[in-house]
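The structure appears below as C-alpha coordinates.
The values are calculated or read from the model by the stated rules, or taken from the named source; none is laboratory data. Because the structure is predicted, anything quoted here is derived from the model rather than measured. Using ideal geometry, Cβ is built from the backbone for each residue, glycine included, and neighbour counts are taken over all protein chains shown. The area values use the complete protein model at the heavy-atom level, side chains included, leaving out ligands, DNA and RNA. Shrake-Rupley method; radii C 1.70, N 1.55, O 1.52, S 1.80 Å.
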Amino acid sequence: MLDIEVAYASPDKQRLLAFQVACGTTARQAVLLSALAAEFPDVDFAAAPIGIFGKKVADDTPLRQHDRVEVYRPLLIDPKENRRRRVAAKQAGQ
(Lines give C-alpha, C1' and ligand atoms only; values in the text may rest on other atoms or scores of the structure.)
Protein backbone atom coordinates (compact mmCIF):
# COMPACT_ATOMS: atom_id res chain seq x y z
CA MET A 1 0.00 0.00 0.00
CA LEU A 2 1.07 3.59 -0.72
CA ASP A 3 0.38 6.62 1.47
CA ILE A 4 -0.70 9.47 -0.82
CA GLU A 5 -2.57 12.76 -0.78
CA VAL A 6 -5.05 14.21 -3.25
CA ALA A 7 -5.59 17.98 -3.30
CA TYR A 8 -8.12 20.34 -4.87
CA ALA A 9 -8.90 24.00 -4.27
CA SER A 10 -11.85 26.02 -5.45
CA PRO A 11 -11.78 29.82 -5.10
CA ASP A 12 -13.36 29.56 -1.63
CA LYS A 13 -12.53 26.07 -0.33
CA GLN A 14 -9.48 23.79 -0.19
CA ARG A 15 -9.26 20.07 0.52
CA LEU A 16 -6.26 17.83 1.05
CA LEU A 17 -7.17 14.18 1.56
CA ALA A 18 -4.65 11.63 2.80
CA PHE A 19 -5.34 7.95 2.25
CA GLN A 20 -3.81 4.69 1.09
CA VAL A 21 -3.98 3.12 -2.35
CA ALA A 22 -2.66 -0.13 -3.76
CA CYS A 23 0.74 -0.22 -5.45
CA GLY A 24 0.26 0.37 -9.18
CA THR A 25 -2.56 2.89 -8.72
CA THR A 26 -2.40 5.68 -11.28
CA ALA A 27 -2.79 9.39 -10.63
CA ARG A 28 -6.26 9.54 -12.22
CA GLN A 29 -7.41 6.45 -10.33
CA ALA A 30 -6.38 8.07 -7.05
CA VAL A 31 -8.40 11.19 -7.86
CA LEU A 32 -11.44 9.09 -8.69
CA LEU A 33 -11.00 6.99 -5.53
CA SER A 34 -10.86 10.10 -3.35
CA ALA A 35 -13.92 11.70 -1.75
CA LEU A 36 -13.42 14.96 -3.67
CA ALA A 37 -16.38 14.38 -5.99
CA ALA A 38 -18.74 14.36 -3.00
CA GLU A 39 -17.40 17.71 -1.77
CA PHE A 40 -17.16 19.36 -5.19
CA PRO A 41 -20.02 17.88 -7.25
CA ASP A 42 -19.71 20.53 -9.99
CA VAL A 43 -16.14 19.46 -10.94
CA ASP A 44 -15.49 16.80 -13.58
CA PHE A 45 -12.71 14.90 -11.81
CA ALA A 46 -12.53 12.36 -14.64
CA ALA A 47 -11.35 15.03 -17.09
CA ALA A 48 -9.73 17.78 -14.99
CA PRO A 49 -5.97 18.30 -15.50
CA ILE A 50 -3.84 16.65 -12.79
CA GLY A 51 -0.28 16.85 -11.53
CA ILE A 52 2.04 15.53 -8.87
CA PHE A 53 3.79 18.12 -6.71
CA GLY A 54 3.10 20.92 -9.19
CA LYS A 55 4.13 19.10 -12.37
CA LYS A 56 1.43 18.10 -14.83
CA VAL A 57 1.30 14.34 -15.39
CA ALA A 58 -0.56 11.89 -17.63
CA ASP A 59 -3.58 10.06 -16.24
CA ASP A 60 -1.75 6.72 -16.30
CA THR A 61 1.26 7.91 -14.26
CA PRO A 62 1.85 5.35 -11.49
CA LEU A 63 2.01 6.76 -7.99
CA ARG A 64 4.89 6.44 -5.56
CA GLN A 65 4.97 6.54 -1.78
CA HIS A 66 3.99 9.98 -0.38
CA ASP A 67 2.98 11.50 -3.74
CA ARG A 68 0.52 14.42 -3.67
CA VAL A 69 -1.84 14.36 -6.64
CA GLU A 70 -3.22 17.81 -7.44
CA VAL A 71 -6.37 18.49 -9.45
CA TYR A 72 -6.13 21.75 -11.39
CA ARG A 73 -8.91 24.15 -12.31
CA PRO A 74 -9.06 25.55 -15.83
CA LEU A 75 -7.51 28.99 -16.25
CA LEU A 76 -10.01 31.82 -16.55
CA ILE A 77 -7.55 33.97 -18.48
CA ASP A 78 -4.27 33.26 -20.23
CA PRO A 79 -1.43 34.33 -17.88
CA LYS A 80 0.44 36.04 -20.72
CA GLU A 81 -2.64 38.03 -21.69
CA ASN A 82 -3.24 38.97 -18.05
CA ARG A 83 0.32 40.29 -17.75
CA ARG A 84 -0.07 42.31 -20.96
CA ARG A 85 -3.22 43.90 -19.56
CA ARG A 86 -1.54 44.79 -16.25
CA VAL A 87 1.45 46.35 -18.04
CA ALA A 88 -0.84 48.32 -20.37
CA ALA A 89 -2.93 49.55 -17.45
CA LYS A 90 0.20 50.60 -15.56
CA GLN A 91 1.59 52.45 -18.58
CA ALA A 92 -1.75 54.18 -19.16
CA GLY A 93 -1.72 55.43 -15.56
CA GLN A 94 1.73 57.02 -15.81
Of all the residues that make up the range 44-64, how many are more than 11 Å from the chain's Cα centre (by Cα) and open to solvent by less than 40 Å² (accessible area, probe 1.4 Å)? 2
Report, ordered by the first and then the second residue, all pairs with beta carbons closer than 8 Å, sequence separation of six or more or different chains, a first member in the range 18-34 that is free of Cβ contacts under 8 Å to residues at least 60 places away in the same chain, and a second member that is β-branched (Val, Ile, Thr) and open to solvent by 20 Å² or more (accessible area, probe 1.4 Å). 26/61; 27/52; 27/57; 27/61
Residue that is nearest to residue 32 (Cα to Cα) [pool: residues in the range 45-92 that are among the basic types (Lys, Arg) and in contact (Cβ under 8 Å) with a residue 40 or more places away in the chain]: 68
Residue 67 being open to solvent by 20 Å² or more (accessible area, probe 1.4 Å) and acidic (Asp, Glu): no
Given the condition polar (S, T, N, Q) and touching a Leu at 6+ places or on another chain (Cβ under 7 Å), answer yes or no: does some residue in the range 34-41 qualify? yes
Kindly provide the set of residues from the range 1-60 that are within 20 Å of residue 76 (Cβ to Cβ) and among the acidic types (Asp, Glu), ordered by number. 12, 42, 44
Determine which single condition residue 27 fails, assuming it passes every other condition in (1) at pLDDT 95 or above; (2) more than 14 Å from residue 2 (Cα to Cα). (2)
Enumeration of residues in the range 15-41 that are within 13 Å of residue 59 (Cα to Cα), open to solvent by 10 Å² or more (accessible area, probe 1.4 Å) and within 15 Å of the chain's Cα centre (by Cα): 26, 28, 29, 32
Condition first: assigned to a loop (DSSP other than H, G, I, E, B), within 25 Å of residue 21 (Cα to Cα) and out of contact with any Asp or Glu (no Cβ under 7 Å at 6 or more places or on another chain). Now tell me which residues in the range 55-88 satisfy that. 57, 58, 59, 60, 61, 63, 64, 67, 72, 73
